[in-house]
Amino acid sequence: MSDLKLTLVVACALVDTDNRVLLAQRPPGKALAGLWEFPGGKLEPGERPEASLIRELDEELGITVREACLAPLTFASHAYETFHLLMPLYICRRWEGVVTAREGQQLAWVRPNKLRDYPMPPADIPLLPHLIDLLL
């Protein structure tokens with residue numbers, strides 16, 4: 001049995017009208033800098049995953065997402081060295097506003113068959129088959 005702290009993070013696969021998925025690159029200075037991930041973030045105390053995702057997508061990307069447009073897809077459960085990550089992945093095809101990098105991160109709209117070309121954190125990699133199967 002491990003004593004790793006459980007960290008709950010929520011992520012979203014934004015899918016545009018061309019069936020491309022948005023990835024964001026972790027900026028320099030952050031853990032796992034340079035790796036590509038799905039947008040999202042940590043839940044605040046007492047916050048529901050959907051509410052957290054709506055807040056994070058607004059903060060990071062400047063878009064408005066309604067809860068009805070978020071569909072749970074799969075989740076990751078991954079033990080890092082200092083914590084255990086539990087990360088539900090939602091899929092979203094509808095939002096308001098223009099996706100903008102508000103935190104200086106690089107963004108890329110990626111075709112499903114090219115997602116594996118982007119280096120990702122270990123927890124994100126097992127999510128790819130579920131997403132690719134859905135989109136191809």
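Brief remarks follow.
- Rounded Å value of the spacing that divides the Cα centres of the range 1-51 and the range 55-106: 6
- Spin-label model distance (nm) - residue 111 vs residue 133, 7 Å beyond Cα toward Cβ: 2.3
- Net dipole in debye of the chain [+1 Lys, Arg Cβ; -1 Asp, Glu Cβ; about Cα centre; nearest 20]: 240
- Projecting the Cα atoms of 80, 126, 101 onto the charge dipole of the range 68-136 (Cβ charges, centred on the Cα centre) puts 101 farthest toward the positive pole.
- Relative contact order of the chain: 32 percent, from C-alpha pairs under 8 Å at least 6 residues apart in sequence.
- Taking each residue as 0.36 nm, the span from residue 83 to residue 48 lengthens on full extension beyond its C-alpha to C-alpha distance by 10.5 nm.
- Kirkwood-Stokes translational diffusion coefficient of the range 5-135, alpha-carbon pairs, 4 °C, 1.567 mPa s, µm²/s: 88
- Sites listed here are trypsin sites (Lys or Arg not before Pro) in the range 63-136 whose DSSP assignment is loop and whose Cβ has at most 13 other Cβ atoms within 10 Å: 66, 93, 94, 102.
- Extending 7 Å from Cα along the Cβ direction at residue 19 and again at residue 67 yields two label points whose distance is 3.2 nm.
- Largest GNM mean-square fluctuation across 92, 69, 12, computed for the chain with C-alpha springs under 10 Å, falls on 69.
Taken together, the values in this text are just the output of simple stated rules run on the coordinates, not laboratory data. Source: prediction; values computed, not measured. Here Cβ is always computed from backbone atoms with ideal geometry, including for glycine, and neighbour counts include all displayed protein chains.
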